[in-house]
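Novice: Handing you a structure now.
Bear in mind that the values in this text are calculations on the coordinates, not laboratory data. Remember, it's a predicted structure, so these values are computed and weren't measured experimentally. All Cβ positions, glycine included, derive from the backbone under ideal geometry; neighbour counts span all protein chains shown.
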Amino acid sequence: MPIYEYKCKTCGNNFEKLVIGSDIPSCPSCHSNDLNKLMSACGFISITPSGAAGAVQTKSSAGTSCSGCSATSCGTCGSK
């Protein structure tokens, strides 16, 4: 059951919505179904060769920044 990010074409509201099966999402502000699905960055847990887990977060469309990344540059993980 994925959570998708949308932007309403009617009122401009950005929101996330859990989509189950063939449900058609609607804007929580104006209830329009005229939406653009946005490209989202994802966060994940990586396992190092030593077996330690570390959270790696990327920059999302909401504007949050990277944290917990051990890379020497953002070019390594693809964040901008």
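Novice: Full extension from His31 to Ile47: what is 0.36 nm times the residue separation minus their Cα-Cα distance, to one decimal in nm?
Specialist: Values: separation 16, 0.36 × 16 = 5.76 nm, distance 4.14 nm.
Contour length minus the Cα-Cα distance gives 1.6 nm.
Novice: What is the local net charge at Asp34, summed over the other residues whose Cβ is closer than 15 Å to its Cβ (Lys, Arg +1; Asp, Glu -1)?
Specialist: Details: positive: Lys7, Lys9, Lys17, Lys37; negative: none.
Value of the local net charge: +4.
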